[in-house]
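Contents: one structure, followed by commentary.
The values are calculated or read from the model by the stated rules, or taken from the named source; none is laboratory data. Note that the structure is predicted; figures quoted are calculated from it, not measured. Neighbour counts are summed over all protein chains in view; Cβ atoms, including those assigned to glycine, are modelled from backbone coordinates with ideal geometry. Please note that ligands, DNA and RNA were not included when accessible areas were found on the heavy atoms of the full protein model with its side chains. Shrake-Rupley method; radii C 1.70, N 1.55, O 1.52, S 1.80 Å.
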Number of protein chains: 2
Amino acid sequence: MSDPAPPLEGFAAHDHRRCRTETLAVAERLSTERGLKLTPIRRRVLEILLEGHRALGAYDILHRLAQDGLGSQPPVAYRALNFLRDLGVVHRIEKLNAFVVCTHPRDAHVPAFLICRKCSSVAEASAPSQGGLLGAAAQAGFAIETSVLEAEGLCPDCQG
Amino acid sequence: MSDPAPPLEGFAAHDHRRCRTETLAVAERLSTERGLKLTPIRRRVLEILLEGHRALGAYDILHRLAQDGLGSQPPVAYRALNFLRDLGVVHRIEKLNAFVVCTHPRDAHVPAFLICRKCSSVAEASAPSQGGLLGAAAQAGFAIETSVLEAEGLCPDCQG
DNA sequence: CGCACTCACGTTATTGTATAACAATTGTGC
DNA sequence: GCACAATTGTTATACAATAACGTGAGTGCG
Ligand SMILES: [Zn+2]
Ligand SMILES: [Zn+2]
Ligand SMILES: [Zn+2]
Ligand SMILES: [Zn+2]
């Protein structure tokens, strides 16, 4: 286990303004690269998620959009979230039916999440090689397209 | 990488009658061990899942129960499924909001799933050590309680 | 027996999550 | 102008899960 174990922004103090600025810039860039646009709705959804490394439900986000006069029906939120997921700047946390901003949207990566079951904060780590799974998959003739690892437990703040 | 890569029943030919017999026996035994009962409803739900290594939604199962005159309201299905999950003979696939029978209900294990996005068949492998994640979690002070790995793609039959 | 207690199930209602389907609008290039 | 893609607006619906309360069977005990 010679992994350097990179910092987990979700739980550690860090310069979060940089998260915000850089992620917005990346989203902007990826959008134009694909001939698409980071519209006000999409940008606002990303901003809401960038308020912290916490998982938010689609309807939580929708309510926030409604307050801002940016839409009030479910498809509005889901479209924006799916757009941002396609860009790779937002991940879906399956265990929570919720969404969280990616902490390293530049690299292709297999996301792995540490989810606090008490406060819903989420730390994202690049998944390791996944060891035997890739081997087992190959041997079985299975073609993996996407994968995710989700671990649930208690974050440092919620223990003790 | 020296993992022997155990067989993935979900995709490989195997003696499925044994899956059925043994899993039912294990469920029976675990139930009595805990002073609980594998009632007709619970047994039937397990049998339905044992028809194959495929993920089924709670409402799919409920409809089957209804056909058999064993209950028609959602709580009936969810109670049975939660009971079987507590026993450890059924897993929930988060990506699909669906349930699948465990392929090695004896050992304590961290499940890892290969999910075919076309036919919903599921192969379960014991998760590897999770490599760097445990290290990163420890370093961040996060206490992992449960975790799951879900990979999506195409099974051998659904390629080509 | 009478009583307390747990397990299991029946039932109604409600909440939460997500998508289908179609209309309307905007912008861009030819 | 016109075709076309992208984006949004809107209505309705499907799918997933739980809350809350009631019923009855079984068990143990004085
Ligand atoms: Zn941050
Ligand atoms: Zn990520
Ligand atoms: Zn089998
Ligand atoms: Zn299992």
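Checking the structure you have, find out if any residue of segment B:44-66 is within 16 Å of ligand 4 (Cβ to nearest atom), within 14 Å of chain A (Cβ to nearest Cβ) and not charged (D, E, K, R). I'd like the intermediate steps shown before the answer.
Of the residues in segment B:44-66, the ones within 16 Å of ligand 4 (Cβ to nearest atom) are B:46, B:49-50, B:52-56.
Okay, now just the ones that are also within 14 Å of chain A (Cβ to nearest Cβ), so B:53, B:55.
Still in the running and not charged (D, E, K, R): B:53, B:55.
Yes, segment B:44-66 has at least one match.
Spot the failing condition for A:ALA13; the list is (1) surrounded by 13 or more Cβ atoms within 10 Å (Cβ to Cβ); (2) modelled with pLDDT under 95; (3) among the small types (Gly, Ala, Ser), and only one is missed.
(1)
Here's a check for you: in segment B:71-117, which residue that is within 11 Å of chain A (Cβ to nearest Cβ) and assigned to a loop (DSSP other than H, G, I, E, B) is most open to solvent (accessible area, probe 1.4 Å)?
It comes out as B:ARG117.
For every residue, the table says whether it meets (1) more than 12 Å from DNA strand C (Cβ to nearest atom); (2) of a type in the set (Asp, Glu); (3) modelled with pLDDT of 90 or more.
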residue	(1), (2), (3)
A:PRO75	no, no, yes
A:ARG79	no, no, yes
A:GLU94	no, yes, yes
A:PRO105	yes, no, no
A:ALA112	yes, no, yes
A:LYS118	yes, no, no
A:GLN130	yes, no, no
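Determine which single condition A:LEU87 fails, assuming it passes every other condition in (1) touching a Leu at 6+ places or on another chain (Cβ under 6 Å); (2) among the hydrophobic types (A, V, I, L, M, F, W, C); (3) within 16 Å of ligand 1 (Cβ to nearest atom).
Result: A:LEU87 fails condition (3) only.
Please determine whether any residue of segment B:136-144 is at the interface with chain A (Cβ under 9 Å from one of its Cβ atoms) and assigned to a strand (DSSP E or B). Walk me through how you get there before you give the answer.
Within segment B:136-144, the first condition is being at the interface with chain A (Cβ under 9 Å from one of its Cβ atoms), and the residues that meet it are B:136-144.
Retained after the next criterion (residues that are assigned to a strand (DSSP E or B)): B:143-144.
Yes, because at least one residue in segment B:136-144 is at the interface with chain A (Cβ under 9 Å from one of its Cβ atoms) and assigned to a strand (DSSP E or B).
If I filter segment B:53-69 down to residues being open to solvent by 50 Å² or more (accessible area, probe 1.4 Å) and outside any helix (DSSP H, G or I), which single residue comes out as farthest from B:ARG17 (Cα to Cα)?
Ranking the candidates gives B:GLY69 first.
List, please: which pairs have Cβ atoms under 8 Å, are six or more places apart or on different chains, and start with a residue in segment A:100-129 that is of a type outside the set (A, V, I, L, M) and end with one that is open to solvent by 40 Å² or more (accessible area, probe 1.4 Å) and within 12 Å of ligand 1 (Cβ to nearest atom)?
A:THR103/A:GLU9; A:CYS119/A:ARG54; A:SER120/A:ARG54; A:SER121/A:PHE11; A:SER121/A:ARG54; A:GLU124/A:GLU9
Out of all the residues in segment B:149-156, is one or more in a helix (DSSP H, G or I), touching a Pro at 6+ places or on another chain (Cβ under 7 Å) and within 9 Å of chain A (Cβ to nearest Cβ)? Can you show your working first?
The initial filter retains those residues of segment B:149-156 that are in a helix (DSSP H, G or I), namely B:156.
Add one more test, that the residue is touching a Pro at 6+ places or on another chain (Cβ under 7 Å), and what stays is none.
Among the residues of segment B:149-156, not one is in a helix (DSSP H, G or I), touching a Pro at 6+ places or on another chain (Cβ under 7 Å) and within 9 Å of chain A (Cβ to nearest Cβ), which makes the answer no.
Can you find even one residue in segment A:7-29 that is within 13 Å of DNA strand D (Cβ to nearest atom) and free of Cβ contacts under 8 Å to residues at least 40 places away in the same chain?
So in segment A:7-29, the residues within 13 Å of DNA strand D (Cβ to nearest atom) come out as A:27-28.
Okay, now just the ones that are also free of Cβ contacts under 8 Å to residues at least 40 places away in the same chain, so A:28.
Yes: segment A:7-29 contains one or more residues that are within 13 Å of DNA strand D (Cβ to nearest atom) and free of Cβ contacts under 8 Å to residues at least 40 places away in the same chain.
Quick one: is B:LEU30 within 16 Å of ligand 3 (Cβ to nearest atom), hydrophobic (A, V, I, L, M, F, W, C) and open to solvent by less than 90 Å² (accessible area, probe 1.4 Å)? Lay out the reasoning, then the answer.
Details: within 16 Å of ligand 3 (Cβ to nearest atom): no; hydrophobic (A, V, I, L, M, F, W, C): yes; open to solvent by less than 90 Å² (accessible area, probe 1.4 Å): yes.
No.
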